[in-house]
Amino acid sequence: MMQWELSDAELLALDLDLFSTDCERPELCEGDGGHTSSRSTESCCTGHGTAEVTCSANEQSSNQQNVSEQESDPLCEGSSAKRRKCDGRIPLERFGRKHLSVTDLSRQAWCEQQVVYGMELPHIQQLRDEVPVVKAGSCLHLARELEVQDIVPINVESREDNWAVKMLNLLSMIQFLQAGERVRELPVFGELEGIFVVGVVDELCYNSKGELELRELKTRGQRTYPSAAQKKSHHLQVSIYKLLFEAMIKGQLNKDTITHHLHLRTDQPLGSEIRVHAQKVGFTINTFGDLLDLMLLNLTYTEIPSIDTMKIEYCYQADASVIGTEEVSFEEEWVKSELKHYSSFWKGQREAKGVDIEEAWKCRSCDFADICEWRRSKAEEATQKNRANQCK
């Protein structure tokens, strides 16, 4: 159990009514957390739909090396904040990230400082990813995916192969959506606020009215709805999916954007297993550039409609029973405002921000509470304020 630096008396002095009794962790989106994977084998399908794609072991190793070098630099000794200032690079460069996941952005809505610590101390984040509640959620997502598609492992030989799998999966799903069928684990990606963002949509299907519906599955360790704070991050997540998906089907993706952000080589020959799988699903390609052109052409001339409704289904992990389903309204101005704010951190335009004092209850379940400099500074501010008030 993490210890608070604010005593119960100090918490009461800060107005207890502002605090929630909810004590939850931000939920992981199993489909988006690509930067936590160390697999060198990717997933394609032989049937309806496709599987999620995660980054390669080489890319993960590079990310960890960047963090390790930063922490061991003798010129940047001291607190994490001092090391960050000493580094001088923007966060995207400091963490070796060519792109962000939708989960990265939605986690910022819970606590931005927690996201930073998760990248600076990846071994702690990886331990958290192994806890039973997270694994249980992943299993439920996988079970649903297998209801509509078969997963086939594909050996990849390069970063271009990694992205080729995503694009082949997307091409397969476009065909099924055009035929009016349901797809799960649909990859989406594109540029938002100058940053390349990648995500995986749990499900797209057509409802009884013929509207295209986005459905997101959230698993819960208890048979209750999440707090308002968690719902905010969930709403942001599905709204970003909608922005990315609709930009893709409107032909707003272009080759230069993809290759520039991801540092991919269009003349790179694709691995043998990639080419064989592509032929099985009806595509003849040799280089990554061939596949990229094919994907962009299909997206430009696709007849898939925009997403009409978005729903989040909350499911109890213990028995997979449904707690309830919530419909999310798309508020474009709010989503774009949130994106502008959160992306400004990654571009080095401002420092990371922790939770506001009225949401300090989140710290009770945070793996980084004992080392959090933001939390410590807020505790000191509150203590000084209380002392000042007592002296009046």
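The values are calculated or read from the model by the stated rules, or taken from the named source; none is laboratory data. This one's a predicted model, so the numbers in the text were calculated from it and none came from an experiment. Please note: Cβ atoms are built from the backbone with ideal geometry, for glycine as well, and neighbour counts cover all protein chains shown.
Details
- Evaluation of Val156 against the conditions (1) modelled with pLDDT of 95 or more; (2) within 22 Å of Arg97 (Cβ to Cβ); (3) crowded, with 19+ Cβ neighbours inside 10 Å shows that the sole unmet condition is (1).
- Matching entry among Trp334, Trp346 (being surrounded by fewer than 17 Cβ atoms within 10 Å (Cβ to Cβ), under 30 Å from His260 (Cβ atoms) and modelled with pLDDT of 90 or more): Trp334
- For the stretch 129-140, the criterion of being assigned to a helix (DSSP H, G or I), surrounded by fewer than 19 Cβ atoms within 10 Å (Cβ to Cβ), in contact with a Cys (Cβ under 9 Å, 6 or more places away or on another chain) and modelled with pLDDT under 95 is met by at least one residue.
- The one condition in (1) assigned to a helix (DSSP H, G or I); (2) at pLDDT 95 or above; (3) over 23 Å from Glu193 (Cβ atoms) that Leu339 fails to fulfil: (3)
- For the condition touching a residue at least 40 places away in the same chain (Cβ under 8 Å) and touching a Ser or Thr at 6+ places or on another chain (Cβ under 6 Å), Glu273 does not qualify.
- Listed by position, the helices (runs of 4 or more DSSP H) contained in the stretch 216-309 that have at least 2 residues being within 24 Å of the chain's Cα centre (by Cα), of a type in the set (Val, Ile, Thr) and closer than 22 Å to Val200 by Cα are 228-249, 255-262.
- Subset of the stretch 310-330 [at pLDDT 95 or above and under 17 Å from Asp202 (Cα atoms)]: Met310, Lys311, Ile312, Glu313, Tyr314, Gly324, Thr325, Glu326, Glu327, Val328
- For the stretch 349-372, the criterion of being in contact (Cβ under 8 Å) with a residue 12 or more places away in the chain, under 21 Å from the mean Cα position of the chain (by Cα) and within 30 Å of Glu160 (Cβ to Cβ) is satisfied by no residue at all.
- Hey, Ser106 in a helix (DSSP H, G or I) and modelled with pLDDT of 95 or more or not: yes
- Meets criteria (polar (S, T, N, Q) and surrounded by 15 or more Cβ atoms within 10 Å (Cβ to Cβ)) for Thr287: yes
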